[in-house]
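The numbers here are math on the coordinates, done by the rules we state, and not lab data. None of the values given here were measured: they were computed from a predicted structure. Cβ atoms come from the backbone with ideal geometry, glycine included; neighbour counts cover every protein chain shown.
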Amino acid sequence: MQIQAAVVNTKGQDFEIETIELDPPKSGEVLVRMVASGICHTDVNVKNQTHRVPAPAVLGHEGSAIVEEVGPGVTDLEVGDHVVLGFASCGSCRNCLRARPYACARHAELNFGGKMEDLSHRLHRGDQLLSNFFGQSSFATYSVVKSRNAIKVPKDVDLALLGPLGCGLLTGAGTVFNRLRPEPGSIIAVIGAGAVGLSAVMAAAIVGCGTIISVDVHENRLALARELGATHVINASKLSDLVSEIRTLTDGGADFTIEAAGHPALLRQAIDSLAPLGTAVQLGGLPQGTEAAIDSNDLRSKNKTVAGLVEGASVPRVLIPQLIDFYKAGKFAFDKLVTYYRFDEINKACEDAHDGKVIKPIIKFG
């Protein structure tokens with residue numbers, strides 16, 4: 001079938017909305033009509049090729065959609081279901097079988113390699129094959145996805161709002177719920193007040209952290225962080241020593257820190273801001289080949305832990321419905337992060353996010 005898609009043709013080039021071909025679903029797959037898609041920093045990194053995906057490609061990995069057709073063998077979804085699209089995983093490797101799909105042995109291949117799970121393509125432009133992204137390529141009017149990566153969601157919540165739950169919001173909140181698991185009263189500092197960082201702030205408030213510090217360079221984002229549960233905010237552009245500031249606020253260091261801004265120097269500061277026995281998690285994606293200096297003696301002598309993490313150590317079919325329940329209960333107000341754009345405004349949405357004008361842009365189809 002013919003669809004409209006935002007195509008990246010060459011490194012750093014703007015998205016170009018084109019008519020392309022989409023093949024029908026195969027076994028275990030569904031055809032979905034896209035309602036909306038969040039734009040994640042990873043999409044922009046891939047467009048600029050700081051993260052490699054074979055071009056030309058159709059990006060997008062925070063899609064929300066309605067099931068239009070089910071392929072052979074699909075029993076868990078039916079036509080008309082509302083779904084949020086998650087990241088791709090194989091479902092059969094050791095980690096997938098242990099309910100750890102975020103650590104799938106084929107994670108890089110299936111999400112960044114440009115092909116579907118069976119190593120074929122669904123997207124074409126004449127005889128030219130187009131790369132798929134995260135098993136969904138949600139910057140398009142229709143998509144074909146594996147049914148296990150399409151999470152059924154309630155129909156009483158605006159479907160256009162829900163796409164970012166599939167990646168950015170799941171990553172921030174899941175890191176707190178699944179990896180850090182702070183006890184009530186714990187001290188946490190979150191560096192970066194974008195969608196990922198603010199999701200972590202909201203999750204920290206839900207679990208009862210006593211001190212929640214949000215760090216950023218934009219005053220509007222810090223004001224929103226306070227509204228969403230931060231007990232303290234720090235504008236890093238107005239001080240020379242972030243580590244000392246966090247240590248002073250926390251009487252010696254935080255129990256947990258999250259680096260959600262994607263800068264190697266900030267990762268080092270997140271680690272240095274920890275109290276003994278503290279844990280730092282890196283969520284911000286660094287350009288390929290980037291290295292961050294770490295004081296190994298400080299790690300050892302103070303019994304610190306440093307972890308890298310993707311997708312918030314989450315099982316999307318478990319966490320996404322939980323986050324929707326928290327939203328409906330008024331505890332996870334991620335709608336306050338969102339700005340909507342038309343599909344043909346996708347390049348403007350990326351620019352506004354890059355310039356810090358918006359936190360989570362969502363493009364709407366139709």
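Which entry in [x] 24.6; [y] 27.7; [z] 20.7 is this structure's computed Kirkwood radius over Cα pairs in Å? Label of the calculated value: [z]. Helix 195-207 and the long axis of the chain differ in direction by around 60°, with both axes built from C-alpha atoms.
Beta bridges assigned by DSSP with both partners in the chain are antiparallel in approximately 55 percent of cases. Annotation: lysines with alpha-carbon distance below 24 angstrom to LYS155 (same-chain offsets under eight excluded): LYS146, LYS328, LYS331, LYS336, LYS360, LYS364. The H on the amide N of VAL190, modeled in the peptide plane, is under 5 Å from the matching H of ILE213, SER214, VAL215, ILE258, each at least 5 residues off or on a different chain.
Considering only CYS93, CYS104, CYS209, the Gaussian network model of the chain with Cα springs below 10 Å gives its largest mean-square fluctuation to CYS93.
Ordering ALA329, HIS121, GLY63 by the projection of their Cα atoms onto the charge dipole of the chain, which places +1 on the Cβ of Lys and Arg and -1 on the Cβ of Asp and Glu, puts ALA329 at the extreme positive end. Descending by average beta-carbon neighbour count within 10 Å, the peptides 353-365, 119-131, 251-263 line up as 251-263, 353-365, 119-131, the highest first. By how many degrees, between 0 and 90 and to the nearest 10, does the Cα long axis of helix 316-328 differ from the longest principal axis of the chain? Value to nearest ten degrees: 70. Within the listed set ILE271, ILE191, ILE234, the residue fluctuating most in the Gaussian network model of the chain (springs between alpha-carbon atoms under 10 angstrom) is ILE234. Sorting the segments 306-316, 163-173 by their residues' average number of neighbouring beta-carbon atoms within 10 angstrom, most packed first, yields 163-173, 306-316.
Working from Cα pairs under 8 Å separated by at least six residues, relative contact order for the chain is 17 percent. Cβ under 15 Å from ILE20's Cβ, ILE20 left aside: what net charge do those residues give with Lys, Arg +1 and Asp, Glu -1? Around ILE20, the surrounding residues sum to -3. The sum of -39500 (n - 2.57) across all DSSP H runs of n ≥ 4, divided by the residue count of the chain, sets its helix-only mean residue ellipticity at 222 nm to -7000 deg cm²/dmol.
For region 172-309, DSSP calls about 0 percent of its internal beta bridges antiparallel.
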